[in-house]
Structure formats: C-alpha cells, structure tokens
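Quick one: the structure is below, and I'll ask about it shortly.
The values are calculated or read from the model by the stated rules, or taken from the named source; none is laboratory data. Note that the structure is a prediction, hence the values are computed from the model and not measured. Cβ coordinates were reconstructed from backbone atoms using ideal geometry, including for glycine residues, and neighbour counts include every protein chain displayed. These area figures cover heavy atoms from the full protein model, side chains too; ligands, DNA and RNA do not enter into them. Shrake-Rupley method; radii C 1.70, N 1.55, O 1.52, S 1.80 Å.
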Amino acid sequence: MAGLGSSNYWEDLRKQARQLENELDQKLVSFSKLCTSYSSSRDGRRLDTSDTTPLLNNSTQDRMFDTMSVEIEQLLAKLTAVNDKMAEYTNAPGTSSLNAALMHTLQRHRDILQDYTQEFHKTKGNFLAIREREDLLGSVRKDIETYKSGSGVNNRRTELFLKEHEHLRNSDRLMDDTISIAMATKENMTSQRGLLKSIQSRVNTLANRFPTINNLIQRVNLRKRRDSLILGSVIGICTILLLLYAFH
C-alpha cells in the first residue's frame with residue numbers, strides 16, 4: 001500500500017481536508033458576522049410598532065442562522081470523515097516508514113477540526129443567548145406599549161421604568177461591542193495559529209539540534225504565555241467593569 005497509488009490516495013485526502021477547512025473558515029467568518037449584527041438589526045425592527053411587523057422568530061436573520069448552522073455542521077461532519085480516513089491510512093500495513101510524517105500531518109488537521117468545532121459551538125451559543133435576551137426585552141417593551149395605549153396615562157412610574165429599560169439596552173449594546181471585539185480578536189488569532197504552528201514545528205526541529213536555540217524557544221514560549229495572561233486579564237477586567245456599569 002506504500003506504492004504510488006496509495007501515495008495519491010493520501011494526497012487526495014489532504015486536498016479534500018484543505019478544501020473543507022477553507023470552506024469552513026469562510027462559513028465561520030460569515031456566521032460570526034451574522035451573529036454580531038443580529039442584535040442591532042433586532043433593535044431597528046423593534047422601533048416599528050406596527051401590528052404587521054414580522055415576529056422575531058420568523059425574521060430573515062433567524063432563517064439565515066438556521067441555514068448556516070446546518071451547512072457548517074455538514075462541513076464539520078465531512079471533515080471528520082476525511083480525518084478518519086487519513087487515520088485509517090496511517091494505520092495500514094506498509095506505511096511504517098512514513099508513519100511519523102503522516103501522523104504529524106494528521107494531527108494538524110485534527111487540531112484545525114477541533115478549533116473550528118469549538119468556534120462554531122461558541123458562536124452559536126452567543127447567538128442563541130443574544131436572541132433570548134432580545135426576545136425578553138422585546139416582550140417587556142411590548143407590554144409597556146400595551147399598558148400605555150390601554151391606560152392612556154404616562155405616569156411617573158412608567159417614565160422611570162422606560163428609563164431603566166433604556167439603561168439596560170445601552171448596557172446590552174456595550175456588552176455586544178465587547179463580544180464583537182473579542183470575536184474579532186479570536187478570528188485574527190485563529191488565522192495566525194496555522195502559520196505559528198508551522199513555524200514552531202520547524203523551530204522545534206532546529207532546537208533539538210542546537211541547545212542554545214532550545215533555550216531561546218523556551219523564553220519565547222514563556223513570553224507568549226505571559227502575553228496570553230495579560231490579554232485574558234484585560235478582557236476579564238473590561239467584562240467586570242461593563243457588568244458593574246450595567247447593574248449599577
């Protein structure tokens with residue numbers, strides 16, 4: 001199985017994997033943009049008080065979300081199947097001489113699949129949370145409008161309630177902006193991850209030959225961890241401040 005035919009089979013699997021990964025990357029970027037623009041468009045629709053306004057569950061964005069979710073899940077399933085075929089190939093007789101290189105390539109594709117799967121579920125979870133919050137706020141606003149039109153009295157209590165509601169909406173927008181920044185940062189880091197992995201693999205090979213380079217790599221890795229901690233701390237502090245501002 002280590003002949004020319006099997007080699008072509010492995011290359012075909014790699015091409016399929018790369019093609020599916022490219023499609024997934026594009027789909028996930030569009031999916032992320034759809035989720036980040038969801039809340040603002042829902043705000044615009046809520047300004048229309050007409051009875052003929054479409055319900056939120058029937059909105060175009062909701063349908064797009066469902067359609068893109070299914071497409072991404074199908075692509076993830078296809079990529080998983082290709083990875084399984086690659087794993088079967090590496091375990092087949094006659095590939096022992098190339099097993100180390102094949103396993104390294106397979107592991108890279110598995111890491112990419114795992115990253116895309118996690119990103120999809122996180123973005124989907126954020127979208128569902130935003131939709132649930134928007135449905136709740138829309139219901140509250142509708143109750144307020146119904147009360148105002150039914151009683152015809154705009155008393156002090158209603159004004160205070162509306163002001164508090166507006167304050168909550170402003171807080172939600174700040175939270176959405178923070179989520180958008182975090183997701184954009186993650187997209188940038190994901191796009192750079194593949195390149196960094198390739199560079200790190202080559203540097204590790206050199207490090208095994210030259211101890212001095214190995215020490216340098218350890219310092220670089222230490223700095224990377226420190227930068228990650230700093231970035232995580234900044235995001236955490238910003239989130240806490242926003243929550244304090246929202247519930248003050």
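Between residues in the stretch 121-135 that are part of a helix (DSSP H, G or I) and residues that are open to solvent by 50 Å² or more (accessible area, probe 1.4 Å) and hydrophobic (A, V, I, L, M, F, W, C), which pairs lie under 9 Å by C-beta distance while being six or more apart or on different chains?
Correct list of pairs: N126/I179; I130/I179.
Got a sec? Which of R131, R156 is among the charged types (D, E, K, R) and modelled with pLDDT of 75 or more? Outline the logic, then answer.
Details: R156 fails: modelled with pLDDT of 75 or more.
Answer to the selection: R131.
Could you tell me whether G150 is crowded, with 16+ Cβ neighbours inside 10 Å, more than 30 Å from L13 (Cβ to Cβ), of a type in the set (G, A, S) and at pLDDT below 70?
Details: crowded, with 16+ Cβ neighbours inside 10 Å: no; more than 30 Å from L13 (Cβ to Cβ): yes; of a type in the set (G, A, S): yes; at pLDDT below 70: yes.
In short, no.
Filter the stretch 74-106 down to residues that are of a type outside the set (A, V, I, L, M), modelled with pLDDT of 90 or more and either crowded, with 17+ Cβ neighbours inside 10 Å or more than 19 Å from Q26 (Cα to Cα) (or both), then give me how many there are.
3
In addition: I need every pair where a residue in the stretch 166-188 that is open to solvent by less than 40 Å² (accessible area, probe 1.4 Å) has its Cβ under 8 Å from the Cβ of a residue that is among the basic types (K, R), sequence separation at least 6 or different chains.
If the second residue must be among the basic types (K, R), the pairs left are D172/R133.
Could you tell me which numbered condition S7 fails, if it satisfies all but one of (1) at pLDDT 80 or above; (2) over 30 Å from R169 (Cα atoms)?
Of (1) at pLDDT 80 or above; (2) over 30 Å from R169 (Cα atoms), only one is false for S7: (1).
On to the next question. Mind checking which residues of the stretch 107-129 are in contact with a Cys (Cβ under 7 Å, 6 or more places away or on another chain) and either surrounded by fewer than 16 Cβ atoms within 10 Å (Cβ to Cβ) or β-branched (V, I, T) (or both)? Give the steps one after another, and end with the answer.
Quick first cut of the stretch 107-129, residues in contact with a Cys (Cβ under 7 Å, 6 or more places away or on another chain) only: 123, 126-127.
The answer is T123, and nothing else.
Could you check, for the stretch 205-219, whether at least one of its residues is out of contact with any strand residue (DSSP E or B) (no Cβ under 6 Å at 6 or more places or on another chain) and at pLDDT 75 or above?
We begin by selecting, within the stretch 205-219, every residue out of contact with any strand residue (DSSP E or B) (no Cβ under 6 Å at 6 or more places or on another chain); these are 205-219.
Then drop every residue that is not at pLDDT 75 or above, which leaves 218-219.
Yes, some residue in the stretch 205-219 is out of contact with any strand residue (DSSP E or B) (no Cβ under 6 Å at 6 or more places or on another chain) and at pLDDT 75 or above.
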